[in-house]
Amino acid sequence: MRKFTTAVLAVAASGALAFSLAACSSSSTSTASSPSASTSSTPTPVASIPNLTGVDTEVTVDPGFLAALKTLKLTPGVLGTATLSDAGVLAFPITGGNVKYYDPTQSYRPYVQGSIEHEGSGLSLTGGGIEVDLTNFTIDPGTSKLYGDVAANGASVAKQAYLFNLDGSTLKPLQTSGDTAILEGTTVYVSPDAAALLNKTYGTTAVTDKLEVGIAKITVNTK
């Protein structure tokens, strides 16, 4: 495990630090509806990738998130193949899944569908002699949720628990660059389930589902 340095945390406190976590989502107002509930026929997707082979998922973190962790005396770190750049960007490689992207100006919802897998990477939160590991993230853009495995001091707590809520109301239109497609702009929040788990584990009531993690960006190979 590689932990954030004091210098990096200082940058975060000044509001300049960014790191990534995960997200790609349809709008928060649309994901409650299934495709069959919102339209009588299935349109042709603007883009479809049946087998994802990369690249990664990132989140530009809200300064308040790291400030909250510091207040709780929790030290974040990266696990497995996750990386933290000198610029403060944390990346989780995409290892599998599939995505379909429909025209968001049409009525078909959710307009981003599929599953985006990040096996073998994750992040940790350490404090009070307890290390909580969140790994093997899976994004379900159709429900605007991110799931992951949870362990405490090496012991499994839950498999594919609901960890983060993905508010896609700020999602930008699909971008392409060479052989990659980019979805950027989803806001990531701590889920109610994760907030309850962290509060119980660390003996606090400070973590809520209003805690914003940051703004997400996902880049995938199209070939």
task = Kindly report the accessible area of segment 65-218 per residue (heavy atoms of protein chains, probe 1.4 Å, no ligands, DNA or RNA), in Å².
result = 42
request  = Any of LYS100/LYS210; LYS73/LYS172; LYS73/LYS145; LYS70/LYS159; LYS73/LYS159; LYS100/LYS145 with alpha carbons more than 23 Å apart? Name them for me.
outcome  = LYS100/LYS210; LYS73/LYS172; LYS73/LYS145; LYS70/LYS159; LYS73/LYS159
task = Please report, in whole Å, how far the alpha carbons of segment 135-223 spread along each principal axis, starting with the longest.
result = 47, 26, 19
inquiry  = More than 15 angstrom separation, counting every C-alpha pair in segment 37-127; what % is that?
reply    = 70
task = Provide the per-residue ³J(HN,Hα) series for segment 116-122, in order, calculated from phi with Karplus coefficients 6.51, -1.76, 1.60 and θ = phi - 60°, each as a whole number of Hz, with x at glycine and proline positions.
result = 10, 9, 9, 6, x, 9, x
query = Once amide H atoms are built 1.01 Å from N in the peptide plane, which residues 5 or more positions from VAL46, or in another chain, come under 5 Å H to H?
reply = TYR101, TYR102, ASP103
key: Carbon + sulfur, % of accessible area of segment 144-223 - ligands and nucleic acids excluded, 1.4 Å   = 52
key: Cα principal axis extents for segment 74-217, largest first, Å   = 49, 29, 27
query = On the accessible surface of segment 49-135, probed at 1.4 Å, how many percent belong to carbon and sulfur atoms?
reply = 54
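The values are calculated or read from the model by the stated rules, or taken from the named source; none is laboratory data. It should be emphasised that the depicted structure is a prediction, and the values quoted were computed from it without experimental measurement. For accessibility, only protein heavy atoms count, side chains too; no ligands or nucleic acids. Shrake-Rupley method; radii C 1.70, N 1.55, O 1.52, S 1.80 Å.
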